[in-house]
Every structure is written in C-alpha cells, then in structure tokens.
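These notes concern the structure reproduced below.
Only the coordinates and a few stated rules stand behind these numbers; no lab work does. Please read all numbers here as calculations on a predicted model, not as lab measurements. Heads up, the Cβs are rebuilt from the backbone with ideal geometry, glycines too, and the neighbour counts pull from every protein chain shown.
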Amino acid sequence: MLSIAKLPRYPISGIVATPSYTALKISIPKSIDQFASIDQTDLTDLVKSKNLEILGNLNGVTGLAESLRTNLEHGISDSEMETRKTAFGFNTYNKPPPKGFVYFVVEAFKDPTILILLACAALSLGFGIKEEGAKEGWYEGGSIFVAVFLVIAVSAVSNFRQERQFDKLSKISNNIKIDAIRDGRRQKILIFDVVVGDVVILNIGDQIPADGLFIDGYSLLVDESSMTGESDHIDIDSIRNPFLISGSKVADGHGRMLVVSVGMNTAWGKMMSSVTGDSNEQTPLQARLNKLTSSIGKVGLAVAFLVLVVMLIRYFTGNTEDEHGNREYNGKRTDTNDILNSVTRIFAAAVTIVVVAIPEGLPLAVTLTLAYSMKRMMADQAMVRKLSACETMGSATVICTDKTGTLTMNQMKVTKFWLGLDLIEDNSSNSNTIDTQVIGLYHQGIGLNTTGTVYNSGTGIEYSGSPTEKAILSWAVTNLGMDMEKLKRDCTVLHVETFNSEKKRSGISVTKKEDDTVHVHWKGAAEIILAMCSNYYQKSGVLKPINHEEKTRLENIIQGMAASSLRCIAFAHKQIPNGTNYKTLNEEQLTLLGIVGIKDPCRPGAKEAIDACRSAGVEIKMITGDNVFTAKAIATECGILKGGQTVNKGEVIEGEEFRNYTDDERMEKVDNIKVMARSSPFDKLLMVQCLKKKGHVVAVTGDGTNDAPALKEADIGLSMGIQGTEVAKESSDIVILDDDFASVAVVLRWGRCVYNNIQKFIQFQLTVNVAALVINFVAAVSAGDVPLTAVQLLWVNLIMDTLGALALATERPTKELMHNPPVGRVAPLITNVMWRNLLAQAMYQITVLLTFQFKGKSIFNVDERVKNTIIFNTFVFCQVFNEFNSRKLEKRNVFQGLHKNRLFIGIITVTVALQIVMVEFLKNFADTEKLNWGQWGICIAIAALSWPIGWFVKLIPVPDKPFLDYIRLIRRWIW
C-alpha cells in the first residue's frame, strides 16, 4: 500500500458508479503506454529459465532492445528513468523491517545476569516487606528492580541505536556505482538507479546489477556461485548463453549487457528479500568478557552461599546479639516471628553479596566502547562491517598490503616513452618525427586494445576505465593525435583476450577495412611483452631485429624506468596472413612498438604510517603484481625497504620463487620477506596461510576480485572503498573509504584503543567488585550485618560503572599505543599490570573501610547509621578518584590529556553531584544519613590518597609471566 502512494497520479475521467461497483477511466500517458506490449513476467522468465527459444521469438537481443526503446550504442536518456521505473519497477528489494526497541528489551531480559538480579530483587522485596512493613520495606527490593530495569533500558537503547547504525552503514556499503551508457556516453550511476532498458558495461570484479542479456564483449566469464552454489565459471556469449543473472560476479573479460529485469523481478531480489541481516556474531573479546563475568558470578554465588551458611550457624548457635546486646536466639524460648525476621535478614545479606559480585556494567561497557569506536572510525575513513574487526585489528602482527591505490595515489600519468632504443623526450613535439605507419599501429594497439573509453562531450574529452587505461588513452590522444571515432570506423575488432593478473597482458586481433589486413596487438608488463618480441621499430619506421646486445639494452631501459618507480607497459604488434585463425592470437616473433613509463606517486603520509606501524611492532609486507624493480623503488620510497642500503637476501622475491619453495622453506623464509613482486592472487593467499601457521595475526589490504581469497583467509580483511571491487568489499571486515594506507594505520591505532579502553574499565570494575565483596563478606561473617546495602552497591556497580564505562570508553587513541608490541592471539585479558593496580587499590580500600566498620563509631563518635554512611561515601569517592588512575594502566601521570576529554570531566562532575543527592536527600531510599562538612572532608581526603598510592604502585615492576599461570602452578602442586 505504501508503494502505491509513490506511483504517479494519472487523470481520472468518466466515473461510473452503481450500487455494486465503481468504474474509473484512467488516462495513462503515452510515455508509459509505449511499453504496454511488453510483459514484465515474460522478461523475468526469459532470464530465469535461460530460454533461447523465447529470446529467438523476440528477435534476439536487438529485437528486444527495439521493444524496450533502447539504442544499443547510445543507451537510454536520463529523462526516461522515471517512466521506466513506473513501468518496470525499481532496482531495490523488499528488506525485512528493522528490529524495534521492544525486541531488544526482550533480548535484554534473557541475560542470565539480569535473571539472577530479578530473583534477588524479588527475594529482597519479600524479605524487606516482611521485616519492615510495606511502607518502608520495599526500598531495597524496589531499588534493585529499578536498577535492573535501568540496565535493561540502557542496554536496549544502546543495541537499538547500534542496529540503526548498522542499517546506515549497510546502506553506505550498498551504495555501489556501475558504468552505464546514458545519453550516448559512458557514465557512473548508482546500482539502485539501473532501469529496464539500460546498457551496462561489465568489467572484471563487477557485480551484475540486474538480470540482463549479453550484447557484446570478449572472454566474459561469470561467477554465479552466489546464486547457484556452483563454483565453475560460466562462459557468456551472444549465441549459446547470453543470460546474465543479478548478484553474479564478473570473473574475467569485458562486455555490455541489456537490462531486462530489476529489483524484485530478479532472482537475486527475491532471494535477498528473504534474507535478514541479523547476526548473533560474538566478538572474541565479548566471548572472553562473558566468560569473565560468568566466573565472577560463580565466585559471588559461592561466597554468598558461604556467608549464608556461616551466618545461619552463628545465629542458631547463639553467637549473635541484637542492637541492645542481648542474645538473639534462645532456642524454644525465641519467638517464631523473631526467627523468621532474623533468617530473612541473613538471606538479604547473602543476596547483597550476589549483587556485589555481578559486574552489571561490564557488558554495557563493551557495547558502549564498540559503538563509540565504530562511529569515530567512520569519521576516520574506516567503515566497520564486522564488530570483531574493531578489536582484532588491535592484535595484528603483520599487514600484507598491495601497492597501487593503497601506498600510491593511483593517479597514473605517462612520463616516459621509448620507441625502440629512442627516448622521445617531449612527446607532443617529437611525435611528428615518428613514422605515420608506426603512429597508426600505436593508435590500433592503444585505442582498440583497451577496456577504457574516450568520449568527446564538446566541452572537453572524458576518459573512463582503470587509472592505467585512462593514463595511456589520454597520452595517446594528446601526444599521438589518436582519433577514437575515426579508429572505430577504420578498423573492426575480430577477437579480444582480456587482461588478467596471471597473464599480465591483453591481446586483440583487428582488421583494417581499407586493405583487409589482419593485425595482432599485445599490451602488458614490459618484460613479458619484450620476451615475446624478435624485432623492434625505430621511430623512422625501420624494422630491426633484436639481437642479444639490443635485448640487454632494452632490458636495462625497463629496469631503469622501474627503478624510478615507473610502471612499464610495452606494446607489440604482428601482421598475420588473411585466413589465419584470428581467435588464437600469435604470441611469438612479435615486433616491439615501444615502452611507456607510467608514474604513480606515493601517497603523502604513507611513509609516516608505515613507520608508525613498524614502531608498533607490526611488520609490513608489500605484495604487488609489478616487476621487482618497480616494487623495490616504491617500497624504498614508502619506507618498507631502507633507502641507501643493500637489500638483504630474501627480503625481495618474486611470486614464482615463493610459489616454488617447499612448505618448510616457505615457513622458514616468510618472516624475512618484505616485498613480493610479480605475484599472483594464489601467492598472496599462500603468504597469508604461512603467516597464520606461524602464529601471526594477519591483516590484508586488497581492492581486486583476485584479492578476495586472501581477504577472507586473513584474520582481518581491509578492502578499498574507491577502487575496490564489490567482491573485495564483501570479503572484507573493514572498508577503507579513502583507499589510503594512512587510514590502515589509523584503524590499527583504533583497534588497540578499543582493547585498551576495555582493559581500563575491567581494572576499574574489578577493583570495585573485589573491595565490596571482601568488605561485605568479612562484615557479614564477623558482625552478622553488612555495611553496604544492596541499593548502595547497585548504585556503585551500575550507575557509577555505567558512567565510568562511558568515560573510559571515550578515551581517544594516543601515540603511546603505537609504541607497544601487538597483543597477539593468546595474551591474557587481565595483564599483570592490571592485577598490580587493582589489587593495590582494592587492598587500600578494604583496609580503610574495615577499620571504619569495626572502629568507626569510636573514631568519629557517631552512631551506626552515620558510620555506615561514611563507609558508603568514602567507598564511592575512592572509585571516583580511582577512575582517574584507570585512565593510564602504566603511565604515572594520569592527568595527561585530561583537558581534551570534556566528556570524562563532565561524567566525574555528574557522578559527584549524584552522590551528594544520594547522601543528603535520599535518606530512606539509600539508607543514609546527612553528613557534616568535616565528615565530607574526611571521606574525600581518604579517597584522594588513591592518587599517590596509584603513583607509587606503578613504580613496582611486574613479571612477564601472566599472574594466573602462577595460580595454575600452585593448584597443580596442591593436587
């Protein structure tokens, strides 16, 4: 019904109304009526069934294009878009409705911690009303209920916002652009704007945006595994199989397609509408935190049970006294009601212990940290597709990066041109001295052997295609006077072999209409093309053989250009006799036309980013398809190899050499490799597998379809948002939106920041839990009562810790994070440094507060209620001051950078204000008494000692061996 409202309004006339029906005569505009003869169902079934007979009845692709009012050369007009969308639908699919807030509330109720707290709240409510009456007895149980519902609300709101954020991110990740011909020129359009009748251009790595039919192209192979599950690539041609299914990927070749079905009328649309984006994926860190929470909960239950048993034994053996000093239990003489009240009080104390032990704020801290970090990383040009990527990246020990577009600008420009052994210094002026026949061969080899296009818009010339193709086409038009339109009129393409990463060359056979001669042209990596040549052209047009000496000179030219960070592309040609099988392109005895050097400058900031990663203990390995000289030049320029020094043996190798190693040799040498040139996608995958076997946490950057296996295999895959193909993006965990390696270094720093912030909060949280648990346990067992009530402990554990989580989660990445070694795979979540800090603070708090518990009334000359309020207030302020200590796990100056984190200062201010309200104004609810100025001063002064204690404790060295390993050794020794 909602979609109907979006349809155009047509004029209504001739209304006929009767008691049984109403007839409306709707005048449909002629622009829509022109498609009335076409049934969308037939178009959908045509591709779905891959029925050549139906296609034949429609007079093939050409006949169908005429029916769809599409010009196969010039495409459709932008002005027709709305009409076609109305007639055939939009290229979108019906997504399941997003989860509402209620869903997350229900999910929060399923948390075991919440269920335990609800049970405690119910018991506390019952015991409180039994002991103190309904008027005041509900405070403790009711406050636990309020606190639990607050946890649920905050958790649900956080998850709901995260769901909406993911929805926004998915819309950005689906914001794919494809090439289509509109108004006679090639242009980029959004995949959602594709309409029936569009002519779409397909290249390697593209996702097919809709169902369609093959118009023309060369060597087109399609991967339909996403739809059919079959891994074999499908050969597409205009005779046997012209059918292209949306959602498939172009594995090889180049082609054009006519769109016949879009959106929900495609098989992909129907499948996607039934798929939800729901993922209950739990990150490794979350799994470890849940395990930690579970362990703490078990300890709390065990301690609570012990307290319950000890207190019941003390009560029933007559070892407890009431507030007047009289023995509480006197056997049969004790009133039953008094026994029930005492047992109720004992059970309430045990419930309080459980409330103390469970770290309610811990799951919330993780959610807040990850959500905040994801939002900030988006601003830093990194779109996180998987939550686990936030923390996994912080553990990375090796980054395998490609070169083009990541370390370099990917803004290609031809800067050198060698025609045979002649260097053409100024291309534009010296091109007139080149023989016209040679120039004509260049025009053929460049203008026809390409996947790019040249379009003269009248106001200027537009180039499209890959950066390399655009650079060569621009150079040929500007400096060699190439006329693309004239070239297409004069020559006919017979066969094309498209470029791929294994062959590293592309070939084409053409016939000149003028004299019916057939020419084969090759273009590709210079050293590969040179190996196929036996002759070369001089600029005068003279053909000379390549002897050993001249081959050496040409090889030196290529090496010299490569050493100057130039990508070397060579062109070769051969005229073949008429009648030769032109579908098998000749690869021997070719004539070298020339070599161009294309400059792709290093990105500004790439060297600094690599240095930052190195100082963080993360090794950088560059894997590229370029030759070894270009690879070494770029690696030196970027700082991967040290400039001015001889490269050590094994630091720079070629993919073939790495591939031919034995398994043992690869494992032995892989750590030493810094640059791998002339590598295939299989070599990149092989390196990732070797590094993982050696225990490394591997991150991989990639932008091409051929990088997908390595991106999936790596612990964390980073794809490029601009140059990256859709296949690469789908295989990755994080999309680098600006294609810059500097952003990879930023992601590494953010990953470490996430891990570090969560560690800070764990230290802060566990200090609270250990101190509160010991204080209440000792007080309950010795005195039969607890100084900190359930309401007070919930306030500390939940409200303060929630604010504390937010304060510590919003700490921004610092440069110091990049000076530490990587966490790796097996490092403990709670380090020895954290144990040292939390145990020192907890011991100080326990010592002070137990002293107050047993001697507080005489020290302060106050009654029991005021003494307990002083204990509570001191305990809270200890946490406030300790929150500053938690900002830095190892550094003694905990105030560094504090002025930049206004949120932290704001949260501390709010916490102190709320504590004043709790003590001074919520007497009944919080079970507190008002304190005078002197008592407030004592509480704050004692809590402030946390700062000097924290400073001195950080001078104590800690062993490298994890603290828990010693406990395991002791346990094994005991058993």
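Descriptive notes on the structure:
- Theoretical FRET efficiency, 1/(1+(r/R0)^6), r = Cβ-Cβ of residue 337 and residue 855, R0 25 Å, to 0.05: 0.15
- Nearby lysines by direct alpha-carbon distance to residue 298 (threshold 21 angstrom, same-chain neighbours under 8 apart not counted): 110
- In a DSSP loop and with at most 14 other Cβ atoms within 10 Å, the chymotrypsin sites (Phe, Trp or Tyr not before Pro) in segment 797-896 are 895.
- Of all aspartates and glutamates in the structure, the ones whose alpha carbon falls short of 19 Å from that of residue 551, not counting any fewer than 8 places away in one chain, are 422, 527, 587, 588.
- When the pairs 48/684; 607/815; 857/954; 403/669; 523/669 are compared against a 28 Å limit on Cα-Cα distance, 48/684; 857/954; 523/669 fall above it.
- Reach of residue 332 by Cα under 18 Å, taken over aspartates and glutamates that are not fewer than 8 positions away in the same chain: 321, 322
- Entries of 249/632; 50/85; 291/961; 291/930 with Cα pairs more than 30 Å apart: 249/632; 291/930
- For segment 684-746, the Cβ-based charge dipole about the Cα centre amounts to some 440 debye (Lys, Arg positive; Asp, Glu negative; other atoms uncharged).
- Charge tally around residue 389: other residues with Cβ under 10 Å, Lys/Arg +1 each, Asp/Glu -1 each, net -1.
- At R0 = 51 Å, FRET efficiency that the Cβ-Cβ distance of residue 317 and residue 614 yields, to 0.05: 0.15
- Segment residue 827-residue 69, length gained on full extension (0.36 nm per residue, minus Cα span): 266.4 nm
- Measuring between alpha carbons in the structure, the pairs from 621/891; 413/574; 177/599; 693/729; 692/729 lying more than 30 angstrom apart are 621/891.
- Semi-axes of the equivalent ellipsoid for segment 653-762, Cα gyration tensor, largest first, Å: 26, 19, 11
- At most 15 other Cβ within 10 Å, DSSP loop - trypsin sites (Lys or Arg not before Pro), segment 609-682: 642, 649
- Dipole axis of segment 724-796 (+1 Lys, Arg; -1 Asp, Glu on Cβ), positive-most option in 787, 770, 746: 787
- Gyration tensor (alpha-carbon) shape descriptor, segment 491-569, a/c threshold 1.5: oblate
- Between the beta carbons of residue 583 and residue 682, assuming R0 = 35 Å, the FRET efficiency works out to 0.80 to the nearest 0.05.
- q = 0.17, 0.23 Å⁻¹: log10 I(q)/I(0) that the Debye formula gives for segment 632-712, counting C-alpha atoms only: -0.72, -1.22
- With the gyration tensor restricted to C-alpha atoms of segment 509-653, the semi-axes of the equivalent ellipsoid amount to 39, 16, 13 Å, longest first.
- Of the trypsin sites (Lys or Arg not before Pro) in segment 525-591, the ones in a loop by DSSP (not H, G, I, E or B) with at most 12 other beta carbons within 10 Å are 583.
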